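Chemist: What follows is a single structure, and I will ask about it in a moment.
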Amino acid sequence: MDPLSNDYEARLSQMSPFEIKNELIQLAQEDARKSSATFLNAGRGNPNWISADAREAFFALGAFALEECRRTHSEAPGIAGMPSKKGIAARFEAYLAAHNASEGEKLLALAYRYMTDTLAADPDDLIYEWADAIIGDQYPTPPRILKYTEAAIRPYLAQELGQRDPGEGKEYDLFAVEGGTAGMCYVFDSLQANHLVNRGDKIALMAPLFTPYIEIPELDRFNFDVVTVSANRVEADGYHYWQYPDSELDKLRDPSIKLVCMINPSNPPSYRLSDHNLERFVDIVRKDNPNLIIVSDEVYGTFAQNFESLLYKLPQNTLCVYSFSKYFGATGWRLAVIAAAKENIFDRMIAALPQADKDDLARRYGSLTLDVPSLRFIDRMVADSRDVALNHTAGLSTPQQIQMSLFALKCILDTKDAYKNTMQAMIHDRLDALWENTGFKMPDDPLRVGYYSEIDMMVWARKFYGDQFAAWLPTAHNPLDVTMRLAAEKGIVVLNGSGFDGPEWSIRTSQANLDRDAYVTIGQKVRQILEEYHTEYLAAKK
């Protein structure tokens, strides 16, 4: 079948954009083979960089830990024992003195000093946890998160996600999970298991947003009644600014809406919430919907300037999912945390459940504790992640937790924000290369992050060629035709924005996974598609 036929495109558009991507890759690779075009995949947000020094620190720590294991047991070749705690900090300091040449070794020494001097970690406790964890010879204990992993990540999140006021009542617990996607699943599962959100309940999704947030609520086990809070509106000057009008946010004042899910900064189109939007959220919760559960996915927060999380604006209502995957080029590591305030509405709402629901939860969690009512929601999430019965083997693998700690400590110690400034500048340079070569002009906007870009072809059809052309375009082509044509005729993979609840004629590009020159080409080809449509339109008029 012709991949550019309206019938085929209409059928394909019913699928998730990440599944359509496989078809697009095949078409683009075939085009690249047949022509002189270079295959360019801007469809996924997997970074093409890594944080090298934190990984080097990880391997240096691993070398020390292996020495410790061999010190306790080395009788047989290829076999060693477990690290011994007694005197381990002194041996680690001696190791650092002898191994201080590389960036990673220097980072490891600074991280150790920060943990012991600034956070007052006991040296032997810390290094024993680090050595034992990086070897991975025991189950994660505690299963929710290791003691010093949590101690390192708390100040990192406060620094990167904008905790302006660390005052009383704003203390947080963390649950280390296997990437942000696992965090999503655990949150939905535990909210339902604890009767905080039930099958068929009304929830809100803030669009555009990452497709699993759209697809999960549709599963039969949830079957949620979904209200869309949309930032898709075109403003009076004809541009998208990707913020939420008050009229859209005010939908959340309805107390029958139990839950709202958002990605901040958004994916797509990669803008952070404005201060006005944040304050509107605060007003909505305080005045009209005090039990609104907010799930905020903030993986891109480190790419935004002056970012501030709802975790710190509405701490008692917010479950924050933060992943290390994008910022550190670590999607294969599967590293994330779920953060929840120690004082929160989740525990209060569980305590106020009807007795029948309490009895159900007593049966569910009775194997864990004699005092189920005192079991906090975040610890229930840990248990639910292993179907409760396997709670004793729950938790993120200990080597993963060490790598996560070193990523966090790297940024805490980077007092000049050198890494952050480099990452943000690189992303914006690629974004500028893309848009400058489309010929489209974006207004300056400090809320723009740029990790992704959503290009609404209908906006630019109207701006370049007028309303009559914009009205003709949907009569001649399916909205998916832009992405299909870019793949089949230009060797370029982008995703359809409609699959993210974005504008029907929009496309999403990632600025993370290709070098700058590739975005020059992509911008030129996107503009070329629009010009080809206009040529077709003029011929049709004749």
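Chemist: Just to be sure before I move on: is E215 within 27 Å of V177 (Cα to Cα), in the same structural domain as R348 (by TED's automatic domain parsing), in a helix (DSSP H, G or I) and charged (D, E, K, R) in the structure I sent? Quick ask: steps written out before the conclusion?
Modeler: On the way: within 27 Å of V177 (Cα to Cα): yes; in the same structural domain as R348 (by TED's automatic domain parsing): yes; in a helix (DSSP H, G or I): yes; charged (D, E, K, R): yes.
Spelling it out, E215 is indeed within 27 Å of V177 (Cα to Cα), in the same structural domain as R348 (by TED's automatic domain parsing), in a helix (DSSP H, G or I) and charged (D, E, K, R).
Chemist: Another one. Could you list, in sequence order, all residues of segment 236-261 that are outside any loop (DSSP other than H, G, I, E, B) and touching a helix residue (DSSP H, G or I) at 6+ places or on another chain (Cβ under 8 Å)?
Modeler: H240, D246, L249, D250, L252, R253, I257, L259, V260, C261
Chemist: Only residues that are free of Cβ contacts under 8 Å to residues at least 12 places away in the same chain and farther than 18 Å from A539 by Cα: list them for segment 423-482, please.
Modeler: A425, D432, K441, D444
Chemist: Return the total of residues in segment 308-351 being in a helix (DSSP H, G or I), in contact (Cβ under 8 Å) with a residue 40 or more places away in the chain and among the aliphatic types (A, V, I, L, M).
Modeler: Matching residues across segment 308-351 total 5.
Chemist: Applying the selection to segment 26-40, what residues are at pLDDT 80 or above and either in a loop (DSSP other than H, G, I, E, B) or more than 17 Å from I529 (Cα to Cα) (or both)?
Modeler: The answer is Q26, Q29, E30, F39.
Chemist: Let me ask you something else. Please return the ranges of helices (runs of 4 or more DSSP H) entirely within segment 455-542 where 1 or more residues are aromatic (F, W, Y). Give the steps one after another, and end with the answer.
Modeler: Numbers: elements: 457-465, 467-476, 481-490, 516-541.
Hits in segment 455-542: 457-465, 467-476, 516-541.
Chemist: Sticking with this one: Quick one: in segment 418-441, which of the residues that are in a helix (DSSP H, G or I) and small (G, A, S) is farthest from the chain's Cα centre (by Cα)?
Modeler: Within segment 418-441, the match that is farthest from the chain's Cα centre (by Cα) is A433.
Chemist: Just to check your reading of the model, which residue among L486, L495 is surrounded by 24 or more Cβ atoms within 10 Å (Cβ to Cβ), over 26 Å from R272 (Cα atoms) and out of contact with any Asp or Glu (no Cβ under 9 Å at 6 or more places or on another chain)?
Modeler: Within the list L486, L495, the selection yields L486.
Chemist: I'd like to know if segment 117-130 contains one or more residues that are in contact (Cβ under 8 Å) with a residue 60 or more places away in the chain and either surrounded by fewer than 22 Cβ atoms within 10 Å (Cβ to Cβ) or more than 20 Å from the chain's Cα centre (by Cα) (or both).
Modeler: Pass one, segment 117-130, residues in contact (Cβ under 8 Å) with a residue 60 or more places away in the chain: 130.
From what's left, either surrounded by fewer than 22 Cβ atoms within 10 Å (Cβ to Cβ) or more than 20 Å from the chain's Cα centre (by Cα) (or both): 130.
So far as segment 117-130 goes, yes, one or more of its residues are in contact (Cβ under 8 Å) with a residue 60 or more places away in the chain and either surrounded by fewer than 22 Cβ atoms within 10 Å (Cβ to Cβ) or more than 20 Å from the chain's Cα centre (by Cα) (or both).
Chemist: Give the number of residues within segment 16-25 that are surrounded by fewer than 17 Cβ atoms within 10 Å (Cβ to Cβ) and either under 19 Å from I529 (Cα atoms) or touching a residue at least 40 places away in the same chain (Cβ under 8 Å) (or both).
Modeler: Residues in segment 16-25 being surrounded by fewer than 17 Cβ atoms within 10 Å (Cβ to Cβ) and either under 19 Å from I529 (Cα atoms) or touching a residue at least 40 places away in the same chain (Cβ under 8 Å) (or both): 3 in total.
Chemist: F39 is checked against (1) under 21 Å from the mean Cα position of the chain (by Cα); (2) closer than 22 Å to R516 by Cβ and fails just one. What number does that condition carry?
Modeler: So the condition that F39 fails would be (1).
Chemist: Next up: Which of (1) crowded, with 19+ Cβ neighbours inside 10 Å; (2) among the polar types (S, T, N, Q); (3) within 26 Å of the chain's Cα centre (by Cα); (4) part of a loop (DSSP other than H, G, I, E, B) is the odd one out, the single condition T415 does not satisfy?
Modeler: (1)
Chemist: Further, regarding this structure: Do the conditions hold for G395, that is, is it within 22 Å of the chain's Cα centre (by Cα) and on the phi > 0 side of the Ramachandran plot?
Modeler: Answer is yes for this residue.
Residue-wise test of (1) in contact (Cβ under 8 Å) with a residue 24 or more places away in the chain; (2) out of contact with any Phe, Trp or Tyr (no Cβ under 9 Å at 6 or more places or on another chain); (3) among the charged types (D, E, K, R).
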site	(1), (2), (3)
R71	no, yes, yes
S74	no, yes, no
I88	yes, no, no
L96	no, no, no
E105	yes, yes, yes
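Chemist: Got at least one residue in segment 352-361 being surrounded by 20 or more Cβ atoms within 10 Å (Cβ to Cβ) and either without any contact (Cβ under 8 Å) to a residue 60 or more places away in the chain or touching a Phe, Trp or Tyr at 6+ places or on another chain (Cβ under 9 Å) (or both)?
Modeler: Scanning segment 352-361, I find no residue that is surrounded by 20 or more Cβ atoms within 10 Å (Cβ to Cβ) and either without any contact (Cβ under 8 Å) to a residue 60 or more places away in the chain or touching a Phe, Trp or Tyr at 6+ places or on another chain (Cβ under 9 Å) (or both), so the answer is no.
Chemist: Tell me the residue from G183, G81 that is more than 27 Å from F346 (Cβ to Cβ) and small (G, A, S), please.
Modeler: G81
Chemist: Filter segment 232-284 down to the residues that are under 18 Å from T211 (Cα atoms) and touching a His at 6+ places or on another chain (Cβ under 8 Å), then identify the one that is surrounded by the most Cβ atoms within 10 Å (Cβ to Cβ).
Modeler: This residue is P269.
Chemist: Which one is modelled with the lowest pLDDT among residues in segment 131-168 that are of a type in the set (G, A, S) and either outside any helix (DSSP H, G or I) or surrounded by fewer than 22 Cβ atoms within 10 Å (Cβ to Cβ) (or both)? Before the answer, list the steps.
Modeler: Kept after step one, since they are of a type in the set (G, A, S), are these residues of segment 131-168: 131, 133, 136, 151-152, 158, 162, 167.
Still in the list and also either outside any helix (DSSP H, G or I) or surrounded by fewer than 22 Cβ atoms within 10 Å (Cβ to Cβ) (or both): 136, 151, 158, 162, 167.
Values: G136: 98, A151: 98, A158: 96, G162: 92, G167: 65.
It comes out as G167.
Chemist: Here is a further query. Might you check whether a residue that is outside the structural domain of E531 (by TED's automatic domain parsing), among the aromatic types (F, W, Y) and in contact with a Ser or Thr (Cβ under 7 Å, 6 or more places away or on another chain) occurs anywhere in segment 393-410?
Modeler: Within segment 393-410, one or more residues are outside the structural domain of E531 (by TED's automatic domain parsing), among the aromatic types (F, W, Y) and in contact with a Ser or Thr (Cβ under 7 Å, 6 or more places away or on another chain).
Chemist: So, of the residues in segment 383-404 that are of a type in the set (S, T, Y) and not in a helix (DSSP H, G or I), which turns out to be farthest from A65 (Cα to Cα)?
Modeler: It comes out as S385.
Chemist: Which of (1) closer than 28 Å to Y327 by Cα; (2) surrounded by fewer than 21 Cβ atoms within 10 Å (Cβ to Cβ); (3) at pLDDT 95 or above; (4) not small (G, A, S) does V526 not meet, given it meets every other one?
Modeler: Unmet for V526, out of (1) closer than 28 Å to Y327 by Cα; (2) surrounded by fewer than 21 Cβ atoms within 10 Å (Cβ to Cβ); (3) at pLDDT 95 or above; (4) not small (G, A, S): (2).
Chemist: Oh, and also: Among (1) assigned to a helix (DSSP H, G or I); (2) among the small types (G, A, S); (3) closer than 25 Å to M426 by Cα, there is one condition G43 misses while meeting the rest; what is its number?
Modeler: (1)
Chemist: Given the options I20, I50, name the one that is under 24 Å from the mean Cα position of the chain (by Cα) and assigned to a loop (DSSP other than H, G, I, E, B).
Modeler: Being under 24 Å from the mean Cα position of the chain (by Cα) and assigned to a loop (DSSP other than H, G, I, E, B) holds for just one of I20, I50, which is I50.
Chemist: Does N306 qualify as being in the same structural domain as R334 (by TED's automatic domain parsing), touching a helix residue (DSSP H, G or I) at 6+ places or on another chain (Cβ under 7 Å) and surrounded by fewer than 24 Cβ atoms within 10 Å (Cβ to Cβ)?
Modeler: No, not satisfied.
The values are calculated or read from the model by the stated rules, or taken from the named source; none is laboratory data. None of these values were measured; they are calculated from a predicted model. Heads up, the Cβs are rebuilt from the backbone with ideal geometry, glycines too, and the neighbour counts pull from every protein chain shown.
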